[in-house]
1. Compute the relative contact order of the chain as a whole-number percentage, counting only Cα pairs closer than 8 Å that sit 6 or more residues apart in sequence.
2. Any chance you could give the angle, 0 to 90 degrees and rounded to 10, that helix 348-384 forms with the longest Cα principal axis of the chain?
3. Using alpha-carbon pairs under 8 Å, 6+ residues apart, how would you state the relative contact order of region 180-240 in percent?
4. List 359, 332 from most exposed to least, where exposure is judged by having the fewest other Cβ atoms within 10 Å.
5. Divide by every residue of the chain the summed helix terms, -39500 (n - 2.57) for each DSSP H run of at least 4, and state the resulting mean residue ellipticity at 222 nm, rounded to the nearest 500 deg cm²/dmol.
6. What is the set of long-range amide H partners of residue 288 at a cut-off below 5 Å, with H atoms built 1.01 Å from backbone N?
7. For a test of the definition: using alpha carbon positions, the gyration tensor, and the 1.5 limit on a/c, classify region 65-115 as rounded, prolate or oblate.
8. Would the chain count as rounded, prolate or oblate if I go by the C-alpha gyration tensor, calling it rounded below 1.5 in a/c and otherwise prolate when a/b exceeds b/c, oblate otherwise?
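Read the figures in this text as sums done on the coordinates, not as results from a lab. Keep in mind the model is a prediction, meaning the values are calculated, not measured. Cβ placement follows ideal geometry from the backbone for every residue including glycine, while neighbour counts extend to all protein chains displayed.
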Amino acid sequence: MTETVETAYAKGPPPLPYSTDADAGRLSLDLRVTLGDMPLADAFEINLSDVDPRLHIGDLLEQLFGPDGARDESIARRLDARRNPDLPEMYEALLDVFADWRDNRCSLGFHRNHGPEMAPTDDLGTHLRAPSDAPESDTLRSVRGDTQGSVRGESVEPLPPLLDVVVEQRHTPLEYAAGRWYEGDLRLLVDRLQEHVLLYFAGRLGYRLPAEPESPVDSGVLRIAERLAEHGALTASDGLVYRLTEDAEERLDRADSEVEFAVRLYDLFTDVVYDDHGRIEFGTGRGLDLRVDVYESEGLDAAETVLLRHLYDGTLDGLDADWREAVLDEDFFVELLIDLADREPIDADVLDAIVEAGFAHLEQLQEEAERDTQRRRLAARARRS
């Protein structure tokens, strides 16, 4: 009776069975890696020799794509770029994925193509398969563990076994932000984000929060209100409706000022073009949004800054009453803050140069604006005289 294996990914034709002799020692294998639903045509492929089949899957991937995310020239030289010119680019992309994982920007799951989920501690030998284009004789000999036979008097060179890995990447901006600015306390981060949203809708959009819950959603929102009340930001009016205190109004005013400051100082970095030759341009309409990188380089809490920016530019105003359900769902904040995790890596020295050039450009724009204002004043004075 054939055992049914739960399969999350089935790309291309299914592979063929392969068995290894427990005492066979080290072997040569082909590794193929794809990300999520990426087609096999875009896969990273490399042949690995002298591999211990008892090596853990996670250790093998860490050796290839880490541990510090740096490019390993010895690996890069082994890529068959003549057969597939895109392999070096695929290698760089996987380096970035594993670097993000180590930086807590994403979580990774591993699956065998046409097979089950793989634990990082699984021996790679248990997940080896014969490639689907292997000759039938190879398949039979692999199953028997016999690699020296011949079929019909003809010698056949066996193909190496295949380790066909599918990597699932899920961006984790909340975990990243909690580790960077909240000492790893994810609950503290989410509480603070929820409080910002509630204060905004109550203070800027006039939402009246009942002191007694009228629905399960109200009960969840009231728990946020109770925390704010403990901090002196809300108080119950006649025991019926929560209202904002002077402390809350001051907190909202501070948030307004912070957003205005951030927009004035950092929105220039919404559209940046740069290259390896030191060229840096702003506002071309074809650049990258580097605001999160700049927030971090300037020592700001990027999670709070991005959330406030979304609140005060009206991004969430269209939610209407749905904001009450959204604010209770962590996935709502994951989507809002996805830019913290899903972004292209940038060298620290390059970022420093971009920040310096940006502030110099901003100063130049301000000087030009002041000169233009002065010219208009002089022209107006001349017309009056």
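1. On the way: 499 pairs, mean separation 58.3, N = 385.
15 percent.
2. That helix lies at roughly 30 degrees to the long axis.
3. On the way: 26 pairs, mean separation 18.1, N = 61.
For region 180-240, the relative contact order is 30 percent.
4. 359, 332
5. One gets -13500 deg cm²/dmol as the mean residue ellipticity at 222 nm.
6. Placed amide hydrogens put 272, 273 under 5 Å from residue 288.
7. Here region 65-115 falls in the oblate category.
8. oblate
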